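The values are calculated or read from the model by the stated rules, or taken from the named source; none is laboratory data. The structure presented is a predicted model; accordingly, all values stated were derived computationally and were not measured. All Cβ positions, glycine included, derive from the backbone under ideal geometry; neighbour counts span all protein chains shown.
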Amino acid sequence: MTHALSRRNFCLCCIATTTFSATGWLTPREVFAKANGIVDMIKGSAATAPITIHKLRGNVSMLEGSGGNIAVLNGPDGKVLVDAGIAVSRVQVKAALDSLGPQPISTLINTHWHFDHADGNEWIHSEGAHILAHKNTRTHLSSAQRVEDWDYDFAPSPSGAIPTEVMEDSHSLRLNGDTLALQYYGPSHTDGDISVKFAEADILHTGDTYWNGVYPFIDYSTGGSIDGMIKAAEANIAASTNKTIIVPGHGPVSTRAHLIESLDMLSAIRDKVASLKSKGHSLDEVVAARPTAAFDDKWGKFVIDPAFFTRLTYAGV
């Protein structure tokens with residue numbers, strides 16, 4: 001169930017032409033100096049980006065192309081969505097959903113609050129969807145938020161975009177012949193991340209606790225941490241088997257083996273950075289030591305470049 005990673009298949013593809021230069025991949029801060037900002041760039045690209053439908057197993061599909069990956073469970077209880085993508089993709093996302101069948105959208109689950117996963121909440125709610133998320137996600141969507149590493153201030157979401165039902169540790173739904181098990185990770189990518197397991201189909205949506213094939217972003221502004229990301233990776237592995245289909249927050253559909261590889265990467269880099277920091281090395285010295293070097297060829301060639309991921313790790317050890 002895997003397919004090759006490409007810039008087109010990765011939701012942040014819109015930044016690729018801006019982030020690449022003759023000297024290599026730029027950090028997000030350098031991107032901001034060259035453009036109006038990463039959030040505006042992503043939204044601008046999403047307005048025209050095509051949506052690719054991947055049929056996974058049973059009645060579950062994945063929509064790729066509007067922000068984070070969207071999972072869809074279709075059936076007589078209506079379409080159940082995991083994540084909403086970006087609002088400017090409404091026309092393309094709606095067409096993709098309609099192609100899956102005439103059922104209305106009944107339920108939307110947000111894996112966390114970030115705009116590339118929840119910006120479409122309002123229009124999906126207007127289609128009749130009930131929105132469910134972790135209580136911290138509702139808090140962030142309900143109030144102004146600043147993400148320092150994106151240099152961006154988010155206004156409170158409109159009332160129609162706010163989840164009307166919240167969970168804390170775990171929650172279960174029975175819809176369209178499948179059991180959806182929702183599990184809170186604890187602070188990881190943010191402080192409100194949840195996984196969604198389609199039990200009968202054996203499909204796990206990890207949200208942004210797992211990015212397939214690239215270094216992940218960690219949002220320290222709203223409670224994320226490198227140690228939390230490692231715990232989330234362990235939880236994802238524990239919740240899956242070799243037969244489980246993994247839907248990452250970003251990147252291609254993958255497998256438990258890829259989750260294990262990601263955990264190994266996160267743990268090794270965390271330990272190297274922590275060791276250097278404990279010896280009194282400054283942030284710049286740790287970046288210069290290239291603690292990610294063994295993993296850069298595979299993981300370090302996209303938006304979160306090796307230096308930036310080192311800085312993210314340093315902040316949490």
**Study point:** Hits in region 117-127 (condition: buried (at least 24 other Cβ atoms within 10 Å of the Cβ) and under 16 Å from Ala46 (Cα atoms))
**Key:** His117, Ala118, Asp119, Gly120, Asn121
Exercise for review: Among what's in region 197-217 and is buried (at least 24 other Cβ atoms within 10 Å of the Cβ) and of a type in the set (Val, Ile, Thr), pick the residue that is farthest from Ile70 (Cα to Cα).
Suggested key: Thr209
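Take the residues in region 120-176 that are basic (Lys, Arg) and part of a helix (DSSP H, G or I), then tell me which one is farthest from Ala199 (Cα to Cα).
We begin by selecting, within region 120-176, every residue basic (Lys, Arg); these are 135, 138, 146, 174.
Filter once more, keeping what is part of a helix (DSSP H, G or I): 135, 138.
On the way: Lys135: 23, Arg138: 25 Å.
Among those that are basic (Lys, Arg) and part of a helix (DSSP H, G or I), it is Arg138.
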Revision key, fill the gap. The residue that is surrounded by the fewest Cβ atoms within 10 Å (Cβ to Cβ), considering only those in region 248-304 that are in a helix (DSSP H, G or I) and β-branched (Val, Ile, Thr), is Ile260
Exercise for review: Taking Thr111 as the residue in question, decide whether it is part of a helix (DSSP H, G or I), buried (at least 20 other Cβ atoms within 10 Å of the Cβ), polar (S, T, N, Q) and touching a Ser or Thr at 6+ places or on another chain (Cβ under 9 Å).
Suggested key: no
**Study point:** Residue check, Gly160 farther than 29 Å from Ile304 by Cβ, modelled with pLDDT of 95 or more and in contact with a helix residue (DSSP H, G or I) (Cβ under 8 Å, 6 or more places away or on another chain)
**Key:** yes
Review point. Just a yes or no: is a residue in region 38-48 surrounded by 20 or more Cβ atoms within 10 Å (Cβ to Cβ), closer than 22 Å to Asp193 by Cβ and at pLDDT 95 or above?
Key: no
Practice item. Restrict the check to region 103-123 and report whether at least one residue is over 17 Å from Gly85 (Cα atoms) and either touching a residue at least 24 places away in the same chain (Cβ under 8 Å) or of a type in the set (D, E, K, R) (or both). Key: yes
Point to revise | Qualifying position, being in contact with a Phe, Trp or Tyr (Cβ under 6 Å, 6 or more places away or on another chain) and either surrounded by fewer than 18 Cβ atoms within 10 Å (Cβ to Cβ) or among the aliphatic types (A, V, I, L, M) (or both), among Asp178, Asp169, Asp193 | key: Asp169
Review point. So how many residues does region 45-88 have that are β-branched (Val, Ile, Thr), in contact (Cβ under 8 Å) with a residue 60 or more places away in the chain, within 18 Å of Ser254 (Cβ to Cβ) and touching an Asp or Glu at 6+ places or on another chain (Cβ under 9 Å)?
Key: 1
Study note, to complete from the structure: Being hydrophobic (A, V, I, L, M, F, W, C), touching a helix residue (DSSP H, G or I) at 6+ places or on another chain (Cβ under 7 Å) and part of a loop (DSSP other than H, G, I, E, B) narrows Ile218, Ile237 down to just Ile218
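Matching residues to (1) within 17 Å of the chain's Cα centre (by Cα); (2) over 23 Å from Ile162 (Cα atoms); (3) part of a loop (DSSP other than H, G, I, E, B); (4) among the hydrophobic types (A, V, I, L, M, F, W, C):
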residue: Ser45; (1), (2), (3), (4): no, yes, no, no
residue: Leu56; (1), (2), (3), (4): no, yes, no, yes
residue: Ser66; (1), (2), (3), (4): yes, no, yes, no
residue: Ala71; (1), (2), (3), (4): yes, no, no, yes
residue: Val88; (1), (2), (3), (4): no, no, no, yes
